[in-house]
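Comments concern the structure below.
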Amino acid sequence: MAKRYKEEEVIALLKNQMEKKKMLFMPNCGCGLTAKLQEKGGADLICVSATSYWRMKGQGSLAPLMPYCDINEIIMELAPEIVANVSNAPILSLSGGTNPLYPHKEHLQRLWDAGISGINPFMMKIYGDAIMEQMAQIDMGWEREVDFVGEAHKVGMFSLAYAFTPEEATILAEVGCPAIASHVGSTVGGMKGAKSHLTLDEATEMSQRIFDAAKAVNPDVILFAHGGPMKGPKEAAYVVERTDAVGFIGGSAAERMPIEKAVLAATEEYKEITL
């Protein structure tokens, strides 16, 4: 059964790994078995995620915010099996913070009661500026995501939030977000990977601009990288070596693509047996 940790305790755990010169890693997971294996492999944080839920159904990462899905209810459905299969790693949730009928305090308390130690707010901005402009117009925009992070900080829950731009990183740091990740687009690769026009060097440079903005507000902010052409350990190592990032978040790169490779290889191996 997973332990719950307050914000300062999660920060201490992460800094302990940083002092040992070990890169931080937070994978997303969509089932209990994946969570169990991720902790066994040494994951520093584990994120229960509606994107993973849909990826485990063979679908893409953009499905969670479609009309047929309530990402926050999926988190609550997944939480028991994730919590039951994790012992010590803090669990975060890729929760949506933009629902105007779901008060942040109530939402956070419900997550805490479910065994979740913090939030990794669902990155609404992957749906594009046009949609976000309309969302903001009806008070369901990115600002509510920021308020969600700020409220988590006030009640002592950890947050690791995505920033798509340096300006967003500045705002998140100002409301007390202790850990910020660059987001350079959905991950490429595999059978259901996204398209990206960014090279790895461009993604690296973009990430560093985001990190510079966050550190200008809080020099102690813990920085992660994610997305786009960063599709595996080699790419993560490349970015960490060339930026201020000390961690990497794996969504498709941590669950979908490893499963695709392993199951495909095992099936092909069985089919190589001849009669």
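The values are calculated or read from the model by the stated rules, or taken from the named source; none is laboratory data. Remember, predicted model here, so these are calculated numbers, not experimental data. Quick reminder, even Gly has a Cβ in these numbers, built from the backbone with ideal geometry, and neighbours come from all protein chains shown. Areas reflect the complete protein model, heavy atoms only, side chains present, ligands, DNA and RNA absent. Shrake-Rupley method; radii C 1.70, N 1.55, O 1.52, S 1.80 Å.
Worth a mention:
- Residue check, residue 176 assigned to a loop (DSSP other than H, G, I, E, B), in contact with a His (Cβ under 7 Å, 6 or more places away or on another chain) and modelled with pLDDT of 95 or more: yes
- Residues satisfying the stated conditions in segment 56-71, i.e. touching a strand residue (DSSP E or B) at 6+ places or on another chain (Cβ under 9 Å) and within 21 Å of residue 161 (Cβ to Cβ): 61, 62
- When segment 146-159 is filtered for residues that are open to solvent by 10 Å² or more (accessible area, probe 1.4 Å) and touching a residue at least 40 places away in the same chain (Cβ under 8 Å), the ones remaining, listed by number, are 147, 151, 153, 155, 156.
- Of residues in segment 238-255 being in a helix (DSSP H, G or I) and either without any contact (Cβ under 8 Å) to a residue 12 or more places away in the chain or touching a strand residue (DSSP E or B) at 6+ places or on another chain (Cβ under 9 Å) (or both), the one most open to solvent (accessible area, probe 1.4 Å): 241
- Restricting segment 85-116 to residues that are of a type in the set (Ser, Thr, Tyr) and in contact with an Asp or Glu (Cβ under 8 Å, 6 or more places away or on another chain), the residue that is nearest to residue 181 (Cα to Cα): 98
- Test: residue 129 is open to solvent by 50 Å² or more (accessible area, probe 1.4 Å), within 18 Å of residue 168 (Cα to Cα) and modelled with pLDDT of 95 or more: no
- Subset of segment 216-237 that is part of a helix (DSSP H, G or I) and in contact (Cβ under 8 Å) with a residue 40 or more places away in the chain - its residue that is least open to solvent (accessible area, probe 1.4 Å): 236
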